[in-house]
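What follows is a single structure, and I will ask about it in a moment.
Values quoted throughout were computed directly from the atomic coordinates according to the rules given, and no laboratory measurement underlies them. Bear in mind the structure is a predicted one, so any value in this text is a computation, not a measurement. No Cβ is skipped: glycine too gets one built from the backbone with ideal geometry, and neighbour counts run over all protein chains shown.
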Amino acid sequence: MKRITISVPAHTYDAVIEDGLIEHTGELLRSLLGTQQKLFVVTVEPVRRKWGKKLMAALTGAGFAAQILEMENGEHYKRMSTVEGLAEKLVSLGAERSAVFIALGGGVVGDVTGFLASSYLRGVDVVQIPTTVLAQVDSSIGGKTGVNLHAGKNLMGSFHHPRVVVIDPGVLSTLSEREFRSGLFESLKAGVIGLPDLFDRLEKTSIKALRKDVTTLEWVIAQSVKLKADVVSSDEKENGLRRFLNLGHTIGHALEAETSYKHFLHGEAVAWGMVAAAHIAAAVNKLDDFSARRISHAVLKSGELPKVTVKSRNILDRLQADKKTRNGVVHFVLPRSIGKVEVVNDVPQSVVLQAVDELRRLSS
Ligand SMILES: NC(=O)c1ccc[n+]([C@@H]2O[C@H](COP(=O)([O-])OP(=O)(O)OC[C@H]3O[C@@H](n4cnc5c(N)ncnc54)[C@H](O)[C@@H]3O)[C@@H](O)[C@H]2O)c1
Ligand SMILES: [Zn+2]
């Protein structure tokens with residue numbers, strides 16, 4: 001069992017990682033919470049079908065009163081009406097201020113349940129049990145919660161850290177290969193940001209092999225969580241270091257938005273974003289060509305990504321439009337080497353256009 005501590009000014013909590021941990025969640029929570037609190041598990045149908053019974057058995061087996069609530073599956077339901085519907089249901093089930101909510105699912109369930117917990121009766125405790133790679137290595141750590149508005153993603157939200165994050169790599173066995181691989185790009189990102197050993201391992205290991213090798217998978221997840229935990233602990237609200245986590249996300253977000261969030265999974269867009277960042281970094285002489293090629297290769301070796309066919313100009317226009325809503329400059333997180341990144345805000349437009357052209361070329 002691995003324990004990684006996240007420490008922010010008002011709060012310290014652990015992410016606990018172990019294969020098969022879901023079956024021991026009851027004991028884990030008993031030692032943390034006692035058994036007085038009522039537990040309310042929020043999940044989606046595909047996850048409940050695979051893992052709901054096991055979790056509920058573990059909770060009731062440890063002496064908890066636990067109930068399960070479902071929300072509709074998918075990013076489309078990450079919105080205020082879902083939060084409201086769940087809250088109404090919780091009142092009717094008698095959830096009080098001492099209740100503990102448990103998010104069992106991917107990033108969508110985690111964000112919705114975290115946001116719900118931050119505002120229900122002015123705030124109740126939440127436990128995160130992430131069930132996708134993306135949620136295990138990224139979204140369940142750091143306390144960001146939120147929902148989407150029509151105007152954009154994650155525009156409503158709060159910081160609400162969980163009491164504990166329960167990570168069982170075993171639950172990833174039922175995840176589709178595409179989702180698995182997409183989430184793993186966030187781990188590769190962690191490698192480029194600050195963990196060269198993690199990068200090396202991912203560079204050398206095929207996705208198929210990793211899915212079968214729980215020991216390595218556990219190590220990869222723990223490393224990624226550690227990086228995020230360290231960054232969040234030193235910069236909870238994203239003023240400085242936390243921005244490094246946006247590696248690959250500047251162009252990644254623009255690709256997602258330009259294709260109406262239908263063409264790429266988030267991790268896939270970030271993967272292309274990292275290839276672009278490596279290309280840009282080499283073009284502005286921040287990164288040597290060999291390392292830039294290694295990053296591209298590590299992204300592209302694991303199979304085909306959805307192709308980039310968008311116009312480079314449109315991506316640039318989106319970055320410019322975004323910049324008006326930020327501080328007036330486009331920030332790029334660029335690799336300096338594998339394991340070191342830097343924020344750069346004077347990348348010439350022509351270099352950005354060339355980088356997106358390069359993604360189109362690699363797609364053809
Ligand atoms: N809060 C943060 O810091 C943060 C960070 C990154 C991303 N996010 C958010 O995370 C969301 C994306 O999360 P995601 O990629 O996990 O998507 P998701 O939650 O929609 O899950 C993807 C799909 O996998 C299914 N699924 C989940 N676990 C499964 C399992 N074990 N077996 C079989 N199927 C399973 C889900 O039902 C869903 O269909 C986005 O809304 C994004 O904004 C939040
Ligand atoms: Zn991301």
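Which aspartates and glutamates does Lys311 reach when only Cα atoms under 15 Å apart count, and residues fewer than 8 places away in its own chain are ignored?
Glu256, Glu258, Asp357, Glu358
Give me, ordered by chain and number, the residues 5 or more places off Leu69 or on other chains with an amide H under 5 Å from its own placed amide H.
Long-range HN contacts for Leu69: Val41, Val42, Thr43.
Output the pairs from Lys53/Lys212; Lys307/Lys340; Lys89/Lys208; Lys212/Lys307; Lys78/Lys286; Lys50/Lys78 with a Cα-Cα distance over 32 Å in this structure; if there are none, say none.
Lys89/Lys208; Lys78/Lys286
Using +1 at the C-beta of Lys and Arg and -1 at the C-beta of Asp and Glu, which of Leu359, Asn345, Pro335 has the Cα lying farthest in the positive direction of the dipole of segment 287-364?
Among Leu359, Asn345, Pro335, the one farthest towards the positive end of the dipole of segment 287-364 is Leu359.
Follow-up question, since we're still on this one. Hey, could you grab the Kirkwood Rh for segment 113-226? Inverse mean 1/r over distinct alpha carbon pairs, Å, one decimal.
Hydrodynamic radius (Kirkwood, Cα pairs) of segment 113-226 is 15.1 Å.
Taking θ as phi - 60°, what are the ³J(HN,Hα) couplings along segment 200-208 by the Karplus curve (6.51, -1.76, 1.60), each to the nearest whole Hz, with x for Gly and Pro?
Once rounded to whole Hz, the list reads 4, 4, 5, 5, 8, 10, 7, 4, 4.
Once phi is turned into θ = phi - 60°, what whole-Hz ³J(HN,Hα) does the Karplus curve with 6.51, -1.76 and 1.60 give for every residue of segment 97-109, x standing for Gly and Pro?
Calculated HN-Hα couplings, in order: 4, 8, 5, 10, 8, 10, 8, 10, x, x, x, 5, 4 Hz.
So for the pair Ser81, Lys208, with labels modelled 7 Å out along Cα→Cβ, what separation do we get in nm?
If labels sit at Ser81 and Lys208, their model points lie 4.3 nm apart.
Under a Cβ-Cβ cut-off of 14 Å, what is the net charge of the residues other than Val171 that fall near it, where Lys and Arg count +1 and Asp and Glu count -1?
0
Across segment 279-289, in residue order, what do the Karplus-derived ³J(HN,Hα) couplings come to in whole Hz, using 6.51 cos²θ - 1.76 cosθ + 1.60 with θ = phi - 60° and x for Gly and Pro?
Listing the rounded values in order: 5, 4, 4, 5, 5, 9, 6, 9, 9, 6, 4 Hz.
Something else now. Given a cut-off of 39 Å, what percent of all Cα-Cα pairs of the chain lie beyond it?
It works out to 14 percent of all Cα pairs.
Related question: Taking the Cα centre of the chain as origin, sum charge times position over the Cβ atoms of Lys and Arg (+1) and Asp and Glu (-1), and report the length of that vector in debye to the nearest 20.
320
Please give the per residue volume of the convex hull enclosing the alpha carbon atoms of segment 104-177, rounded to a whole number of Å³.
87
Highest first, please rank the peptides 87-100, 210-223, 5-18, 108-121 by the mean number of other Cβ atoms sitting within 10 Å of their residues.
By packing density, highest mean first, the sequence is 108-121, 210-223, 5-18, 87-100.
Moving to a separate point now. With unit charges on the beta carbon (Lys/Arg positive, Asp/Glu negative), name the residue among Leu155, Val214, Pro196 whose Cα is farthest towards the positive pole of the charge dipole of segment 153-244.
Farthest towards the positive end: Leu155.
Right, another one. Once you charge only the Cβ atoms, +1 for Lys and Arg and -1 for Asp and Glu, what is the size of the charge dipole of segment 1-157 about its Cα centre, to the nearest 20 debye?
That gives a dipole near 60 debye.
To continue, here is another question. Please work out the Cα center distance from segment 327-359 to segment 55-110, rounded to the nearest Å.
40
Continuing with the same structure: Packing-wise, with mean Cβ within 10 Å as the measure, how do 64-77, 148-161 rank, highest first?
64-77, 148-161
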